[in-house]
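The values are calculated or read from the model by the stated rules, or taken from the named source; none is laboratory data. Computed from a prediction, not measured in an experiment: that's the story for all the values here. Quick reminder, even Gly has a Cβ in these numbers, built from the backbone with ideal geometry, and neighbours come from all protein chains shown.
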């Protein structure tokens, strides 16, 4: 086991970070979080200011959890009103993890019109059937398959991973990424709005999925994904005329533009903190 002693001036809450819905390959069992990240099977737990883990080195864990990011400065920049202030106090230490673009893209293709447990099942099935076997600290598991590994799967094979109508989305993304292995680097090099449009060229990637992938995989912290919870919170807290209404494309655009203007370059952190306390607000 390896340990990291957390600095008292840089808060980190492992439980909130891994349970807030941003990543789909983590489960908690007997006080330990078990996850697969970039072909590494990681076992990790937090006891106060001490992280104990196996399956990755300290540099990788620091990078994945963005432990070198100055979280107090970020939270100070978005602490604009009592609502976000309460969310920050409740969820302080939640950090955005650094996900792999390919897995993140496919995960959010699988996340349309569904719930988190269903997304986890779909991602796990694809990994079990097409991913590389990993012998990790919590037993045998599987890496998420690269595009080349999924390219040999037929639509029927992918359908068996419980993808449903999303099978076509994933199949098309696989073909595109297999032919263009530098697609993620190209997206990362673009300005935010251009990167957003590039992701929405993938069939099945709408505004919310694009914003999630940009935020969680590419580090565009100004991205502000809007789901039913965020639409409700923003309508009840900031844009009162939206309360009780369905989220149309025009309203989605209005909300994300408002959030970027109001919260600034770290609007995505505001989104995660507001989402984190959604059931208590």
Can you give me the number of residues within the range 207-235 that are modelled with pLDDT under 95 and assigned by TED's automatic domain parsing to the domain that holds residue 175? 0
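Out of curiosity, is residue 196 part of a helix (DSSP H, G or I) and surrounded by 15 or more Cβ atoms within 10 Å (Cβ to Cβ)? First the steps, then the outcome.
On the way: part of a helix (DSSP H, G or I): yes; surrounded by 15 or more Cβ atoms within 10 Å (Cβ to Cβ): yes.
Criteria met by residue 196.
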Pick out the one residue from 42, 74, 78, 84 that is at pLDDT 95 or above, closer than 24 Å to residue 133 by Cα, buried (at least 17 other Cβ atoms within 10 Å of the Cβ) and touching a helix residue (DSSP H, G or I) at 6+ places or on another chain (Cβ under 9 Å). 42
Out of the residues in the range 132-162 meeting the condition of being buried (at least 21 other Cβ atoms within 10 Å of the Cβ) and without any contact (Cβ under 8 Å) to a residue 60 or more places away in the chain, tell me which one is nearest to the chain's Cα centre (by Cα). 145
Do we have any residue at all in the range 87-101 that's touching a residue at least 12 places away in the same chain (Cβ under 8 Å) and either more than 19 Å from residue 13 (Cβ to Cβ) or loosely packed, with under 14 Cβ neighbours inside 10 Å (or both)? yes
Going through the range 223-281 in order, the residues found to be under 23 Å from residue 197 (Cβ atoms) and in a loop (DSSP other than H, G, I, E, B) are 223, 224, 225, 226, 227, 247, 248
So which of 70, 63, 38 ends up being free of Cβ contacts under 8 Å to residues at least 60 places away in the same chain and under 25 Å from residue 211 (Cβ atoms)? 63
